[in-house]
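**Q** Sharing a structure below in C-alpha cells format, with a few things to ask.
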Amino acid sequence: DTGVSQDPRHKITKRGQNVTFRCDPISEHNRLYWYRQTLGQGPEFLTYFQNEAQLEKSRLLSDRFSAERPKGSFSTLEIQRTEQGDSAMYLCASSLASGGPFYFGPGTRLTVT
Amino acid sequence: KQEVTQIPAALSVPEGENLVLNCSFTDSAIYNLQWFRQDPGKGLTSLLLIQSSQREQTSGRLNASLDKSSGRSTLYIAASQPGDSATYLCVQFGNEKLTFGTGTRLTIIP
C-alpha cells in the first residue's frame, strides 16, 4: 500500500514565481481532492476530480490557480504569480467513491517570500 | 450549510487515562464520518470511518461512535500514550465534499 504521495514536500519560492505541485492518489481511486491549510486552521476545499473531470472548483480559488488530472491518475496544481498569502500546506486526498474512506497525502508546504 | 464543531478545542490529560473527544453536526442527516489525526506540519492520517448505517467502529485502543439522531460522534481513546498527542479532526462527508470539524488539540502528559 503506497498511499497518497505528494511532490515536492516543501517548496520555497519568491513572490511572482509560478509553482506546480503533484499528487499521486492511491491506485484505482477515481476521486481526487485538493485542500489548502494555513497554520492553526482547518483544511479549505480547493477543487476535486472524478477521474479526469474537474467537477468543482472553490470560489476561493482565483484564476491564478489551475488543476489538472489529464489521465485520471495523478494530478497537478499550479499557482501562477504566487503571492505571500498563498503560503500554506497543500493537501491532496483520494477515495474510491464518494462514500469514502478518504486518504490524505503528506502535503506540500509552500512558502512564498 | 453544514457545520461541524469539536469540543474541547484543546485537551491535556496524564498518560494512561481514557478520554473522549466530541464532534457535533448542525445537519443530522449526515452521511459518513471519518476521524483523522494530524501531527504538526504533517498530513492527515485516517483513524476510523463510520458509515451512516453504522453506530460504531473500533481499531485497537480507539472506538468511534455515531449518533445520527443527536448529530454527534465521539472518539474514545483508551489508555492514552504520549504518542497520541496530535490534533484530531472529525470529517463529515456525503455526495461530493468533506466538511471538517474545528479540531481538538490533544496533549498526553508523560
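The values are calculated or read from the model by the stated rules, or taken from the named source; none is laboratory data. Worth saying up front: this structure is predicted, and the values here are computed from it rather than measured. Cβ atoms come from the backbone with ideal geometry, glycine included; neighbour counts cover every protein chain shown.
**Q** Please go through (1) at pLDDT 95 or above; (2) closer than 27 Å to residue B:103 by Cα for residue A:60 and return the number of the only condition it doesn't satisfy.
**A** Only one criterion in (1) at pLDDT 95 or above; (2) closer than 27 Å to residue B:103 by Cα is unmet by residue A:60, namely (1).
**Q** Moving to a separate point now. Scan region A:73-91 for residues that are assigned to a loop (DSSP other than H, G, I, E, B) and either more than 14 Å from chain B (Cβ to nearest Cβ) or not small (Gly, Ala, Ser) (or both) and jot them down.
**A** Residues satisfying the conditions are A:73, A:74, A:80, A:81, A:82, A:83.
**Q** Residue check: is residue A:70 in contact with a Gly (Cβ under 6 Å, 6 or more places away or on another chain) and part of a loop (DSSP other than H, G, I, E, B)?
**A** Spelling it out, it is not the case that residue A:70 is in contact with a Gly (Cβ under 6 Å, 6 or more places away or on another chain) and part of a loop (DSSP other than H, G, I, E, B).
**Q** Another question about this same structure. I'd like to know if region A:62-75 contains one or more residues that are surrounded by fewer than 18 Cβ atoms within 10 Å (Cβ to Cβ), of a type outside the set (S, T, N, Q) and touching a residue at least 60 places away in the same chain (Cβ under 8 Å).
**A** no
**Q** Restricting attention to region B:44-97, which residues are without any contact (Cβ under 8 Å) to a residue 12 or more places away in the chain and within 11 Å of chain A (Cβ to nearest Cβ)?
**A** B:45, B:53, B:57, B:96, B:97 - these are the residues of region B:44-97 that are without any contact (Cβ under 8 Å) to a residue 12 or more places away in the chain and within 11 Å of chain A (Cβ to nearest Cβ).
**Q** Could you look through region B:1-24, keep only residues that are more than 12 Å from the chain's Cα centre (by Cα) and in a strand (DSSP E or B), and pick out the one that is farthest from the other protein chains (Cβ to nearest Cβ)?
**A** Checked region B:1-24; the qualifying residue farthest from the other protein chains (Cβ to nearest Cβ) is B:14.
**Q** Only one residue in A:62, A:66 is among the small types (Gly, Ala, Ser) and under 11 Å from the mean Cα position of the chain (by Cα). Which one?
**A** A:66
**Q** Somewhere in region A:15-25, is a residue over 13 Å from the mean Cα position of the chain (by Cα), away from chain B (no Cβ under 13 Å), free of Cβ contacts under 8 Å to residues at least 40 places away in the same chain and farther than 29 Å from residue B:9 by Cα?
**A** No, that holds for no residue.
**Q** Same structure again: For residues that are surrounded by 13 or more Cβ atoms within 10 Å (Cβ to Cβ) and in a strand (DSSP E or B), tally how many sit in region B:44-60.
**A** So the answer is 9.
**Q** Could I ask something else about it? Going through region A:92-108 one residue at a time, which ones are more than 7 Å from chain B (Cβ to nearest Cβ), under 18 Å from residue B:50 (Cβ atoms) and not polar (S, T, N, Q)?
**A** Scanning region A:92-108 gives A:93, A:96, A:97.
**Q** Let me ask something else. Test of understanding: among B:85, B:69, which residue is within 23 Å of residue B:40 (Cβ to Cβ) and not β-branched (Val, Ile, Thr)?
**A** None of the others qualify; the one that does is B:85.
**Q** Kindly provide the set of residues from region A:18-53 that are of a type in the set (S, T, N, Q), in a loop (DSSP other than H, G, I, E, B) and under 19 Å from residue A:84 (Cα atoms), ordered by number.
**A** If the condition is that a residue be of a type in the set (S, T, N, Q), in a loop (DSSP other than H, G, I, E, B) and under 19 Å from residue A:84 (Cα atoms), then A:18, A:38, A:41 are the ones that fit.
**Q** Another one. Given the condition in contact (Cβ under 8 Å) with a residue 24 or more places away in the chain and assigned to a strand (DSSP E or B), answer yes or no: does some residue in region A:96-106 qualify?
**A** The answer is yes; a qualifying residue exists.
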